[in-house]
Amino acid sequence: YLQGLADVVPPFSTDGTRLDDLVRERLEPGPYGYVAGGAGSGDTMRNNREALRRWQIVPRMLTGATDRDLRTSVLGTSMPAPIMLAPVGVQSIVHPEGELATARAAAELGLPMVMSTASSHTIEEVAAANGSGPRWFQLYWPNENEVAVSILDRAKAAGFTTLVVTLDTWTLAWRPHDLDQSYLPFIRGVGTAIPFSDPAFCAPLAASPAEDLNMAVLRWVGMFTGTDRRWDDLPFLREHWDGPIVLKGIQHVADARRAAEAGMDGIVVSNHGGRQVDGAIGSLDALPGIVAAVGDRLAVLFDSGVRTGADVLKALALGAQAVLVGRPYVYGLALGGQDGVKHVLRSLLAELDLAMALSGHSSLDQLTPDSLTHL
Ligand code: FNR
């Protein structure tokens with residue numbers, strides 16, 4: 001599976017630590033810190049990994065796991081394995097082709113990509129790069145309804161089937177890496193391709209974003225940070241999006257229940273990769289209680305801290321229908337563009353397949369909490 005990559009970068013494994021080392025050498029401190037860093041002390045990021053380590057696989061033998069089938073379908077989207085690309089904004093800070101390279105790699109593998117509102121390319125450009133690949137759209141819910149509706153309409157027209165509404169980033173967290181480097185991509189106009197190409201966003205501007213970047217950035221930052229949306233506002237999204245809706249950033253069982261009561265289709269159990277609340281629960285530790293409470297009513301997806309095939313297996317065993325990965329594929333993008341993204345994801349797929357095989361599981365439905373022990 002290393003074929004084709006040798007010319008681009010030295011072969012790298014999906015091991016999170018090793019990828020991180022390589023990327024640190026490759027990127028400037030600003031972009032590196034933005035991608036790799038977490039909120040505050042970094043405890044939540046560490047808790048994510050710790051939680052994954054404390055749940056451990058108990059392998060079974062002589063089960064005939066010689067042929068595996070990892071195919072699945074989530075909310076009507078088929079995928080070759082229960083792995084999706086988490087929405088990650090401003091990808092052009094690590095590679096000039098940014099989300100376009102990611103969209104092409106995802107399509108090559110048939111893995112669903114979740115496109116971020118904070119992308120460095122427009123909805124239409126990313127859809128074109130993704131071609132017939134499966135794609136979902138992630139919304140940072142702006143506090144102006146006309147802009148929200150316009151963005152949703154564009155996403156729908158461009159073939160995005162499911163809406164992922166991220167709730168945990170209604171304002172940006174305290175992120176020491178970025179503060180130390182005075183590095184915030186949005187202030188420089190990075191990650192603004194969607195609003196700046198949006199007619200509803202641009203209509204009230206006295207000059208186009210190209211003519212007056214500062215003014216446009218101010219409008220964008222004002223619209224997408226410090227937003228005040230409540231559970232009562234969810235029917236508005238339902239009214240303007242006719243596909244499935246997934247709430248991302250759920251950690252509390254009570255919020256999972258509210259999502260179900262609000263008629264949502266799914267949730268992503270996620271703490272944004274430890275980038276928002278410092279000192280928070282490891283995301284995997286939040287998963288079992290949530291699955292017990294709403295697993296029969298909602299599609300429950302998982303992210304935050306997934307680095308290996310074993311990590312994916314653990315989340316699936318605890319009831320996640322699919323797992324999203326963030327930084328690993330962004331590291332692949334930084335190291336090798338489209339080939340780099342593909343390489344990281346193929347490695348993860350191969351590792352998951354082997355983890356299934358060697359622990360005695362030939363199908364996803366055989367993965368249950370009984371496949372694990374908790375230390
Ligand atoms: C993110 N994440 C994110 N989430 C989202 O809903 N919209 C976004 O624009 C972004 N942007 C973003 C940028 C960067 C650089 C990172 C690292 C992450 C969060 C992302 O979707 C996901 O929840 C985490 O990345 C999962 O954790 P891991 O896999 O990175 O540990």
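Computed from the coordinates by the stated procedures, all read-outs in this text should not be read as laboratory data. Nothing here was measured: the structure is a model prediction, and the numbers come from that model. Note that each Cβ is placed from the backbone with ideal geometry, even for glycine, and that neighbours are counted across all protein chains shown.
Just a few scattered comments:
- TYR329, TYR34 arranged by Cβ crowding within 10 Å, fewest neighbours leading: TYR34, TYR329
- Cα-centre dipole for the chain with unit charges at Cβ (Lys and Arg positive, Asp and Glu negative), debye to 20: 620 debye
- Percent RCO, i.e. relative contact order, over segment 284-375, from Cα pairs under 8 Å lying at least 6 residues apart: 29 percent
- Sum of -39500 (n - 2.57) over DSSP H runs of 4+, divided by residues of the chain (222 nm, nearest 500): -12500 deg cm²/dmol
- Peptide ranges 230-237, 71-78 listed from the most packed, as the mean C-beta count within 10 angstrom indicates: 71-78, 230-237
- Working from Cα pairs under 8 Å separated by at least six residues, relative contact order for segment 111-176 is 37 percent.
- Pairs of Cα atoms nearer than 8 Å and 6+ residues apart set the relative contact order; for the chain it is 28 percent.
- Overall form of segment 150-254 per C-alpha gyration tensor (a/c, 1.5; a/b vs b/c): oblate
- Shape category assigned to segment 222-319 from the gyration tensor of Cα positions, a/c cut at 1.5: oblate
- Listed from fewest to most Cβ neighbours within 10 Å, the set HIS252, HIS95 follows the order HIS252, HIS95.
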